[in-house]
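Step one of this worksheet: look at the structure below.
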Amino acid sequence: MQTVNTVESLREAVESLRENGTVAFVPTMGALHEGHLTLVREARKRAAHVVVSIFVNPTQFGPNEDLDAYPRRMAEDSRLLEAEGVALLWAPDVAEMYPAGFATTISVTGVSDNFCGASRPGHFDGVATVVCKLFNQVRPDMALFGEKDWQQLAVIRRMARDLDLSRPHARDIVGVPTVREADGLAMSSRNQYLSAEQRQAAAVLPRAMRTAIAAIAAGEPAAQALAALEATLLGAGFSSIDYAALADAQSLEVLDAPGQAPARLLVAARIGSTRLIDNMAVG
């Protein structure tokens, strides 16, 4: 596996790969776990070569969020990626990604307005900007993202459509189903922040979500099912709920009840100082 740290060397390496087949791209912030590696394995099925980026993007963190504490373990991540057959690791530093004088921000309205967009102001501007830069740097044939952050996936697809990106085209932005621990908790780099007691309590989240989905499917009003979900989480030891909502799967407009179009249940909740997010299909 080749590792590159400058845009110039990245472009040379990617062009060399492209001469011998398609290129799939998996953007990450490192601290890799089985969820990330599942994306890599799916990418290897779909393309001749896989490029992975590791960049902890400062512009998507708020002033009181965990940028400094976010886990960084480049040597271990590099070893894992090499073992999975990744061809190229793109590992820029902040100065390479945001050189002196950088002054451009991409804002994707609509799908970014609610949920994490409301509770983390500016977060999705940072996501859209860095992902657009990564796409323009790598110019992959396809890119793969986990469905765990459903709103992020919607923002990136909208951005690719609106800006007429061709590599990857919006249709080539692939969502991969959420990878879960044995007890159902969605895999996340932030799970390692949890104490043993908090980790046990966190497993209530996916169970409470499934209970709410079953209640909605049985005809219970969504507001009632969501109120019960929130009460269950708070009773289990979660400190607060950022949101628990039923939404249209594509537009992310809040729904009072599921309709003909696919819907998702989206939840963000805090346990101690750790914020966990999850989502599941409804209907």
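For this structure, a couple of remarks:
- In the stretch 148-170, the residues that are in the same structural domain as HIS123 (by TED's automatic domain parsing) and surrounded by fewer than 18 Cβ atoms within 10 Å (Cβ to Cβ) reach residues that are in a helix (DSSP H, G or I) and of a type in the set (Gly, Ala, Ser) with C-beta atoms within less than 7 angstrom, at least six apart or across chains, in these pairs: ARG161/ALA170; HIS169/ALA160; ALA170/ALA160.
- The residues in the stretch 87-131 that are touching a Leu at 6+ places or on another chain (Cβ under 7 Å) and not small (Gly, Ala, Ser) can be counted, and the count is 6.
- Filtered residues of the stretch 137-162 (kept if over 11 Å from the mean Cα position of the chain (by Cα) and either over 20 Å from VAL14 (Cβ atoms) or of a type in the set (D, E, K, R) (or both)): ARG139, ASP141, ARG157, ARG158, MET159, ARG161, ASP162
- Qualifying position, being within 27 Å of ILE271 (Cα to Cα), in a helix (DSSP H, G or I), polar (S, T, N, Q) and modelled with pLDDT of 95 or more, among GLN192, GLN151: GLN151
- Unique match (being of a type in the set (Gly, Ala, Ser) and assigned to a loop (DSSP other than H, G, I, E, B)) among ALA103, ALA43: ALA103
- Residues that are of a type in the set (A, V, I, L, M) and within 19 Å of TYR193 (Cβ to Cβ) were ranked within the stretch 55-85; the one that is modelled with the highest pLDDT is VAL56.
- For the stretch 11-27, the tally of residues that are within 24 Å of LEU80 (Cβ to Cβ) and in a helix (DSSP H, G or I) stands at 4.
- Residue match in the stretch 66-87 (condition: in contact with a strand residue (DSSP E or B) (Cβ under 6 Å, 6 or more places away or on another chain), in the same structural domain as PRO140 (by TED's automatic domain parsing), part of a loop (DSSP other than H, G, I, E, B) and surrounded by 13 or more Cβ atoms within 10 Å (Cβ to Cβ)): yes
- Any hit, the stretch 118-138, residues being free of Cβ contacts under 8 Å to residues at least 60 places away in the same chain, in the same structural domain as GLU15 (by TED's automatic domain parsing), assigned to a loop (DSSP other than H, G, I, E, B) and more than 30 Å from GLU253 (Cβ to Cβ): no
- Where GLN200 falls short, out of the listed (1) part of a helix (DSSP H, G or I); (2) surrounded by fewer than 19 Cβ atoms within 10 Å (Cβ to Cβ); (3) in the same structural domain as ARG18 (by TED's automatic domain parsing): (3)
- Applying the criterion of being surrounded by fewer than 18 Cβ atoms within 10 Å (Cβ to Cβ) and in a loop (DSSP other than H, G, I, E, B) to the residues of the stretch 171-184, the residue that is nearest to the chain's Cα centre (by Cα) is PRO177.
The values are calculated or read from the model by the stated rules, or taken from the named source; none is laboratory data. Computed from a prediction, not measured in an experiment: that's the story for all the values here. Backbone-built Cβ (ideal geometry, glycine too); neighbour counts: all protein chains shown.
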